[in-house]
Amino acid sequence: MTITDAIGRIQEIQALMAPRVSTPVSGGVAVATLTGSTGSASASAGAAGAASPFAAALRQASSTSSAAGAGPRMVQAAQTQLGVAEQPPGSNDAPAIRSYRAALQNDPGVGPWCAMFVSWAAQQAGTPLGDTGGGFASVDQMWAWAQRSGHALPAGGTPQVGDIIVLNQHTGLVTGVRPDGRIETIEGNTSDRVALRDHAPGEAIGYIRMGR
């Protein structure tokens, strides 16, 4: 064998031993590479997944959800109940309304349920109302607890999303404040259902802010 033949043979052996690289397929996604270590291929795939736009969006959504305060979480829970109505109208009762009563430590039975609805939303948000987390069936009792526990805010200020608005024998959750000052809310037991409402600032007796 000549020197030229020997060099050629060595090059053929080196070519056979060299690792294969990834090749692109349709859509620009590369097939898994063979590097002599399946762990390396898996790590590359994991890194690609972590860097994908979907993964980034998922992490952002999780971060936003975790960072949300008690008030916004209460509003999110309440919004899932929009349209829940008394069955029959005027009865203060319905399957969903029974679940609001069940959120209370002591079920008061069928009756006005606006405070029960707010108590249910607070429980869903992980910040139950009351000294023992038992919630309230009475707006007056809820307001008295807020004043005693340091959660009450005077009516003159601008409320935040998720604050509990205390009205005359009625209550709900603040969802926003309009440029003209009117306060947007979501409320239970308003026209026999869970619905969106708005109020003039002067209608509020005060507000209750959780998570502080």
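The values are calculated or read from the model by the stated rules, or taken from the named source; none is laboratory data. In this text the structure is predicted, and so the values were computed from the model without any measurement. Don't worry about glycine lacking a Cβ; one is built from the backbone with ideal geometry, like all the others, and counts go over all protein chains shown.
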Matching residues in segment 182-212 (at pLDDT below 95 and either in contact with a Phe, Trp or Tyr (Cβ under 9 Å, 6 or more places away or on another chain) or at positive phi (or both)) number 1
Looking across segment 72-86 at residues that are closer than 20 Å to Q160 by Cβ and not β-branched (V, I, T), the single one that is surrounded by the most Cβ atoms within 10 Å (Cβ to Cβ) is M74
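Condition check: closer than 19 Å to Y207 by Cβ, crowded, with 20+ Cβ neighbours inside 10 Å and among the hydrophobic types (A, V, I, L, M, F, W, C). Does V161 satisfy that?
No, not satisfied.
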Subset of segment 105-137, residues touching a helix residue (DSSP H, G or I) at 6+ places or on another chain (Cβ under 6 Å) and more than 14 Å from R209 (Cα to Cα), comes to D107, W113, A115, M116, F117, W120, Q124, G135, F136, A137
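Here's the yes/no breakdown for (1) farther than 16 Å from W143 by Cα; (2) touching a Pro at 6+ places or on another chain (Cβ under 9 Å); (3) among the charged types (D, E, K, R):
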residue: P88; (1), (2), (3): yes, no, no
residue: P95; (1), (2), (3): yes, no, no
residue: R98; (1), (2), (3): yes, no, yes
residue: D107; (1), (2), (3): yes, no, yes
residue: V110; (1), (2), (3): yes, no, no
residue: C114; (1), (2), (3): no, no, no
residue: Q124; (1), (2), (3): yes, no, no
residue: P128; (1), (2), (3): no, no, no
Of all strands (runs of 3 or more DSSP E) fully inside segment 146-212, the set with 1 or more residues that are out of contact with any Leu (no Cβ under 9 Å at 6 or more places or on another chain), without any contact (Cβ under 8 Å) to a residue 60 or more places away in the chain and basic (K, R) is 193-199
The lone condition C114 fails out of (1) over 17 Å from A70 (Cα atoms); (2) under 24 Å from the mean Cα position of the chain (by Cα); (3) surrounded by fewer than 14 Cβ atoms within 10 Å (Cβ to Cβ); (4) not aromatic (F, W, Y) is (3)
Selection over segment 123-133 where residues are under 22 Å from the mean Cα position of the chain (by Cα), part of a loop (DSSP other than H, G, I, E, B) and either farther than 20 Å from I205 by Cα or among the small types (G, A, S) (or both) yields a count of 5
Looking across segment 87-111 at residues that are surrounded by fewer than 16 Cβ atoms within 10 Å (Cβ to Cβ) and in a helix (DSSP H, G or I), the single one that is nearest to the chain's Cα centre (by Cα) is S99
